[in-house]
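Taking it in order: structure first as structure tokens, then the write-up.
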Amino acid sequence: MSSSEGKTDVCLSCEFQENLDIIREIYFFSSLPLELLKVLAYLCSRETFRQGDPLFSQEDDDGQAVYIISGKARLSRKSEAGEQDLREYGPGAFLGGLSLVGEMRRLFTLQAVSDTVCLVLSQEKFTKALEQFPDQIPKIFTALVERIIIWEERFLNEIDLNCASCRRMIGISNI
């Protein structure tokens, strides 16, 4: 083995460990056993998006979840009135988890504001990993339900309950 091969192995090992550390912290995966998390850490990839590149685009069904390691990305939505910027995400944001469990047309575009490095996991790879651990599927759905409830609780704390149009948006946790 040459010294450059050894360095590559060390780099891959470090990246795998970093991926595993990231995945262990993501709510979507946090209750899963270490063996499954290791498989996911191995299957995900790191991708660099240059400023202006889309991480995903409105109307697409790309079947991918992304975790922003570094950089920033802007969420926007096109409508008949034009395109509206909604918010920015930075390091630590996990987006697209629902696309791992089923077909999901994107309602938004997420575009890199600066060079952005992401951990990317496809639905295909996620499904293959879960096939090895079918007893873990309920834990994924539990994590999703908990996330929906947390979102709605935050929403309820931030809106004016006397606002009729705001009240019409309440109840997502009743699905």
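Report yes if some residue within region 156-174 is of a type in the set (S, T, Y), surrounded by 11 or more Cβ atoms within 10 Å (Cβ to Cβ) and either closer than 23 Å to Q64 by Cβ or modelled with pLDDT of 90 or more (or both); otherwise report no. No, every residue in region 156-174 fails to be of a type in the set (S, T, Y), surrounded by 11 or more Cβ atoms within 10 Å (Cβ to Cβ) and either closer than 23 Å to Q64 by Cβ or modelled with pLDDT of 90 or more (or both).
Selection over region 115-143 of residues that are surrounded by 15 or more Cβ atoms within 10 Å (Cβ to Cβ), outside the structural domain of L98 (by TED's automatic domain parsing) and within 12 Å of G97 (Cα to Cα) gives a count of 2.
The rows are residues; the columns are (1) in a strand (DSSP E or B); (2) without any contact (Cβ under 8 Å) to a residue 24 or more places away in the chain; (3) closer than 30 Å to Q51 by Cβ.
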site	(1), (2), (3)
L119	yes, no, yes
K125	no, no, yes
K128	no, no, no
D135	no, yes, no
P138	no, yes, no
R154	no, yes, no
N162	no, yes, no
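Considering the conditions (1) more than 29 Å from L36 (Cα to Cα); (2) surrounded by 17 or more Cβ atoms within 10 Å (Cβ to Cβ), K78 is excluded by exactly one of them, (2).
Look at region 43-56: where a residue is touching a residue at least 60 places away in the same chain (Cβ under 8 Å) and in the same structural domain as P91 (by TED's automatic domain parsing) and a partner is assigned to a loop (DSSP other than H, G, I, E, B) and among the hydrophobic types (A, V, I, L, M, F, W, C), sitting 6+ places away or on another chain with Cβ atoms under 8 Å, you get Q51/V113.
The values are calculated or read from the model by the stated rules, or taken from the named source; none is laboratory data. Small disclaimer: the values here were computed from a predicted structure and weren't measured. Reconstructed Cβ throughout: ideal geometry from the backbone, glycine too, with neighbour counts over all protein chains shown.
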